[in-house]
Amino acid sequence: MRAFRALTVTAAAFAAVGLSAPFAAADPPGTGIGGQGPSNVSVNPFSVHQGSTMQVSATGCGHGGTVSSPGNFSPANLSAGTVGFANVRIFNHASPGTHTLQVKCNDSNLIATHRFQVLLGRGAQGGLGGSFGPSTAETAIGAGLVGTAALGAGIHLMRRRRPLRGRA
């Protein structure tokens with residue numbers, strides 16, 4: 001009976017140690033997934049116009065994070081999960097050229113960087129309706145077409161009115 005009790009206690013101790021091993025191997029607070037922090041940072045598109053949006057993705061931030069690039073866009077939250085995503089809007093006044101963004105996980109002090117390019121904005125003239133008139137070249141082409149049409153109509157009418165020879 002004593003051997004059975006000793007065997008039971010030993011088995012219970014081994015089970016307790018074996019079941020607690022995964023918790024001991026888990027990430028300590030503040031180290032990120034695997035203690036590596038953000039990695040595989042990518043941007044889409046790489047070249048973006050002023051005032052446009054860009055998507056940033058990164059792995060290693062299982063509890064989310066922050067994407068920032070001072071002077072180029074406001075800090076944005078990176079979604080939680082295996083691959084985190086954030087959409088950022090480039091400032092209208094961001095200076096054209098190559099810039100760097102930083103990704104920092106909520107559960108890590110490590111920072112990953114990635115480069116992107118800001119292109120000079122080409123804003124549309126939307127919402128102005130008919131407030132823009134035709135240019136000088138468009139006006140000259142239009143006047144020439146109207147004149148040609150009037151001349152052609154006049155010639156056509158003159159030919160129809162002229163009586164044929166031999167008919168009265």
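Within the stretch 132-147, restricting attention to residues that are assigned to a loop (DSSP other than H, G, I, E, B) and open to solvent by 80 Å² or more (accessible area, probe 1.4 Å), the residue that is modelled with the highest pLDDT is 134. Based on this model, can you work out whether residue 88 counts as within 20 Å of residue 45 (Cβ to Cβ) and open to solvent by 10 Å² or more (accessible area, probe 1.4 Å)? Taking the combined requirement at face value, the residue does not satisfy it.
The values are calculated or read from the model by the stated rules, or taken from the named source; none is laboratory data. Model, not experiment: these values are computed from the prediction. FYI the Cβ positions are ideal-geometry reconstructions off the backbone, even for glycines, and counts take in every protein chain you see. Keep in mind that these areas ignore ligands, DNA and RNA; they rest on the heavy atoms of the full protein, side chains included. Shrake-Rupley method; radii C 1.70, N 1.55, O 1.52, S 1.80 Å.
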